Every structure is written in C-alpha cells, then in structure tokens.
1. Sequence-distant or interchain residues sharing an amide H contact under 5 Å with VAL97, placed H: which?
2. Would you mind counting up the charge near ARG255? Only other residues with Cβ under 9 Å from its Cβ, with Lys and Arg at +1 and Asp and Glu at -1.
3. List, in order, the whole-Hz ³J(HN,Hα) value for each residue of region 232-245 obtained from phi through the Karplus relation with A = 6.51, B = -1.76, C = 1.60 and θ = phi - 60°; use x for Gly and Pro.
4. For a quick check: with amide H placed at 1.01 Å from N, whose amide H comes under 5 Å from ASN216's, ignoring anything fewer than 5 positions away on the same chain?
5. For SER280, what accessible surface area do you get with a 1.4 Å probe? Give it in Å², rounded to 10.
6. In whole Å, what is the distance between the alpha-carbon centres of region 151-183 and region 47-107?
7. Over 19 Å between Cα atoms, which of LYS239/LYS287; LYS260/LYS287; LYS118/LYS260; LYS118/LYS247; LYS118/LYS239; LYS197/LYS239 qualify?
8. Counting only other residues whose beta carbon sits under 14 Å from that of LEU164, what net charge do I get with K and R as +1, D and E as -1?
Amino acid sequence: MSDTARREGTPEPGNRTTPSSENMIVSHAKPARKQNVQPDRSAAGKPGEGIRLQKVLAQAGVASRRHAEILIDQGRVEVDGEVVRVQGMRVDPNTSVIRVDGDRVLVNEDTQYFALNKPRGMLSTMHDDMGRACLGDIVGEQIAAGQRLFHVGRLDADTEGLILLTNDGELANRLMHPRYEINKTYLAEVLGEVTRKDLRALKNGIELDDGIARANYAETLESIQGRSIVRLDIHEGRKHIVRRMLKTAGFPVQRLVRTKIHTVSLGEQSPGAMRALNRSELASLYKAVGM
C-alpha cells in the first residue's frame, strides 16, 4: 500500500482562535470529560480557602502562572459560569467548573489518552495466555506504573492501524456505542479492480448474513494489475464488517489498515508507535459523544 494512500484522510481541526493581541497567550487546556455539569458553589471562591486560580491553571498545563494571569486579565477564564478578571481568586478544583476559552479544563492528571498504530499480527488484548503478541506488550511500562489502560474497540489480528487506548471508561464506552455513529476510515488492498458501480453498491448497502452494511464513503484510490486500494468510511462496529462487505462485493481483502477514528488520524506513526492525543483531538471526541 502506498504512503499516499496510508495518509489519506481529512486534516485535524484547528484550535479555536481569538483576536490577536500583543500579550495573547495560547491556552493548552485539556477539555474535561464532562463539559455541562452543575457547579457546586458552596466551596469555590471563599477567602482563605482553596487554591489560587492561576496555580490551578498552571497545574492543569494551561499556561505558566504568569501567563495564566494574562488569560484572566483578558477575560478568557470562567469559574462556575462567571468570567473572572480579579487576580488571586481561590477555587476548589474538585468542585469548581473552570473553563478557558469556553472549554472546561481537565485537572485530573491521571487520565490518559493514546493513539496506537497496531501492527499486523498483534492481538487487541492487554494479555494473552498463550504468549502471543498483544497490545499489553507495547504499554507494559504504563501498566507497570499502575495505569489501567484499556483499548477502545478491537482490530482483528490481521488488521493493522489506529486503535485508541485510555483509562477514561466513560469516553471509551460512548465511542464504542452505536448510538453516536463514530466514523472510522479504512484503507483496503483488494483483489480486483473496483469500479464506480461497485462503490455505489458499497454505499447503498451490502447484504450480509447479519443484515445490510453500508459505507458512509467509498473511493478507489488506486487500481492497477488486478488489484485496488479502496478507502471506506463506516461507523458500524460489527465483527470483520469491512472484510465481509468487500468479500461479498467480490473483492477479497489482502491488507486492511484503519487510518482514522473520527478526527484522530494515524498520520506518520510507524507500526507499534504510540502518542498522546492532543487537545484538539480530545475536544472533538468529547463533542462527538456529547460529553
């Protein structure tokens, strides 16, 4: 499969921009898991109690304390729905709802989110009793450090590509729930030359033994010497659904790579490589599942 085909996908969304300013500070806040919960106002902001707001922002990785003060001066910080412009306010980070540029700040440093390029032949499990290669072999250091990471969905052993790892159970469950129709992009190398008629059939629906399966998007990227590389976007999670769709359509899969989950792309990651999700990717995933 060509590098061009592997990198196929739409760009990641950019961060929110604000009007330029001489002292403009970029917020690096990570969005919290729950964006719209009712704040507990009983403890926040009381004189002599809690932690200074700029320190909370610094600990959350938003900016240094000095730059956090500038964010406050610019009116970009909210506590419990109120814009804060006075320095030195004390808050309880466990109960106060803190937002920067409208995004709630994630203050739980124990929550982890990773994108992993699963190699072909590796099992989508954290442990295998038979000693076969599995995801746990890659994240062994995190597990040894006490992090309870688990995978969001599965890829069969012969399928390679993007899989998400996290200890955020709520987000993981929502991403896997069919209600939210999270889109996934696959590149498949198949036998046969896939025509426009075949692509229409994939989008209109292929009758499988467990019901009709439809692609949200289908495109032939390459077709030469009796083989094709096809891009399929699909939000269903039935077992081996992409392989079964293409085989039923008359195109046995020789290689299958998942390159994208919603707006999280595999990009240039090599097989076995893992990276942390960035703020934009997290915010997009939260929004997609209503968190």
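1. ASP40, ASP80
2. Working: positive: ARG120; negative: ASP158, GLU160, GLU189.
The answer is -2.
3. 10, 10, 8, 9, 6, x, 5, 4, 6, 5, 5, 4, 5, 4
4. Distant-sequence amide H within range of ASN216: ASP233, ILE234, HIS235.
5. SER280 exposes around 20 Å² with every protein chain in place.
6. Cα centroid of region 151-183 versus Cα centroid of region 47-107: 32 Å apart.
7. Values: LYS239/LYS287 26 Å; LYS260/LYS287 17 Å; LYS118/LYS260 13 Å; LYS118/LYS247 23 Å; LYS118/LYS239 17 Å; LYS197/LYS239 25 Å.
Over 19 Å Cα-Cα: LYS239/LYS287; LYS118/LYS247; LYS197/LYS239.
8. Numbers: positive: LYS118, ARG154, ARG174, LYS184, ARG258, LYS260, ARG275; negative: ASP168, GLU170, GLU281.
Within the 14 Å Cβ shell, the charges total +4.
The values are calculated or read from the model by the stated rules, or taken from the named source; none is laboratory data. Given the structure is predicted, the values throughout are model-derived calculations rather than measurements. Glycine also receives a Cβ, built like all others from the backbone with ideal geometry; neighbour counts cover every protein chain displayed. Protein only, heavy atoms only, side chains kept; ligands, DNA and RNA dropped before computing areas. Shrake-Rupley method; radii C 1.70, N 1.55, O 1.52, S 1.80 Å.
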